[in-house]
1. Criterion first (touching a residue at least 24 places away in the same chain (Cβ under 8 Å) and surrounded by 14 or more Cβ atoms within 10 Å (Cβ to Cβ)) does ASN109 satisfy it?
2. Restricting the search to the stretch 151-207, which residues are touching a residue at least 60 places away in the same chain (Cβ under 8 Å), surrounded by 15 or more Cβ atoms within 10 Å (Cβ to Cβ) and part of a loop (DSSP other than H, G, I, E, B)?
3. Mind listing whichever residues of the stretch 139-152 are within 20 Å of the chain's Cα centre (by Cα) and either under 21 Å from TYR190 (Cα atoms) or not small (Gly, Ala, Ser) (or both)?
4. If I filter the stretch 41-53 for residues that are within 25 Å of ALA20 (Cα to Cα) and hydroxyl-bearing (Ser, Thr, Tyr), do I get at least one hit?
5. Residues to consider are ASP232, ASP174; find the one that is in the same structural domain as LEU91 (by TED's automatic domain parsing), charged (D, E, K, R) and at pLDDT below 95.
6. Within the stretch 96-118, can you find the residues that are of a type outside the set (D, E, K, R), in contact with a helix residue (DSSP H, G or I) (Cβ under 8 Å, 6 or more places away or on another chain) and more than 11 Å from ILE227 (Cβ to Cβ)?
7. I need the full set of residues from the stretch 208-239 which are basic (Lys, Arg) and in a helix (DSSP H, G or I), in order please.
8. Contact list please: Cβ distance under 8 Å, first residue in the stretch 73-97 and farther than 17 Å from VAL51 by Cβ, second residue assigned to a helix (DSSP H, G or I) and not polar (S, T, N, Q), pairs at least six apart or on different chains.
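The values are calculated or read from the model by the stated rules, or taken from the named source; none is laboratory data. Because the structure is predicted, anything quoted here is derived from the model rather than measured. Cβ coordinates were reconstructed from backbone atoms using ideal geometry, including for glycine residues, and neighbour counts include every protein chain displayed.
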Amino acid sequence: MIARNVPKAKVVVGTDKIKAIKYGVETFKPEVVLLDDGFQKRHNLKASANVVLINALNPFGYGYLFPAGLLREKVSALAEADVVVLTNVNLMSDPSKLKRIKDIILTHNKNIKIFHATHEPKEVYNINTSEKHAPAFLKNKKVIAFSSIGNPAGFEKTLKQLGARILFGFYYGDHHAFKKKELEGIAQVYKKSSADFVITTEKDEVRIKREFLATAPVYALKIGMVIPQFADLDKVLKV
């Protein structure tokens, strides 16, 4: 997905992040290395900045480490972060909770820089025909939604804000590897329903085998992240 959206970037994927970075640096001689899901590797790397993204809709993963909750580390690990980006702030039903989230973060690291980010729809596209529409295309459409992302609630909220009517929702664990029978099952549900089409996230679309959903029209929602204070963040990161 990153390679598609940022064609000038060189994307290196590997189970060993340290080896992947070494390979990328030696092969492409980049000016900047951006390590995804890299905070847990901070003790093995000398990073210019450690950035932690926190989902404002579920900021502290139910308060427990995985698998009981969604946390990969204790919240106290924020003491070693330089920046926090609070995502999905535009989807919060109670904006007053934002201050409480910030207070908890600052309790663990009083010097940390906190930025807001909104996830904003950019387009809806048919995964087989590449036909594209503005997000308003979803208004009054009856859909069957499915995803395997860390924040399915945010995806569902976004669809509803765009005016879509979700008849059925199928939500799997983050990075779930979709099986043939699961996707064909979703297609069968579509056939028996009055839905206009099936819809998923761009992140999921790049990983599914289209032939397993060939009997149903399937669209993906492309989302962009907007950070209003990006210039200030850029300075903090020293990029």
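1. Answer is yes for this residue.
2. Hit for the stretch 151-207 is ASN151, nothing else.
3. ILE144, ALA145, PHE146, SER147, SER148, ILE149, ASN151, PRO152
4. Taking every residue of the stretch 41-53 in turn, at least one turns out to be within 25 Å of ALA20 (Cα to Cα) and hydroxyl-bearing (Ser, Thr, Tyr).
5. None of the other options fit; the residue is ASP232.
6. LEU98, ILE104, ILE105, HIS108, ASN109, ILE112, ILE114
7. ARG210, LYS235
8. SER76/HIS108; LEU91/GLY154; LEU91/LYS157; MET92/LEU98; PRO95/VAL89
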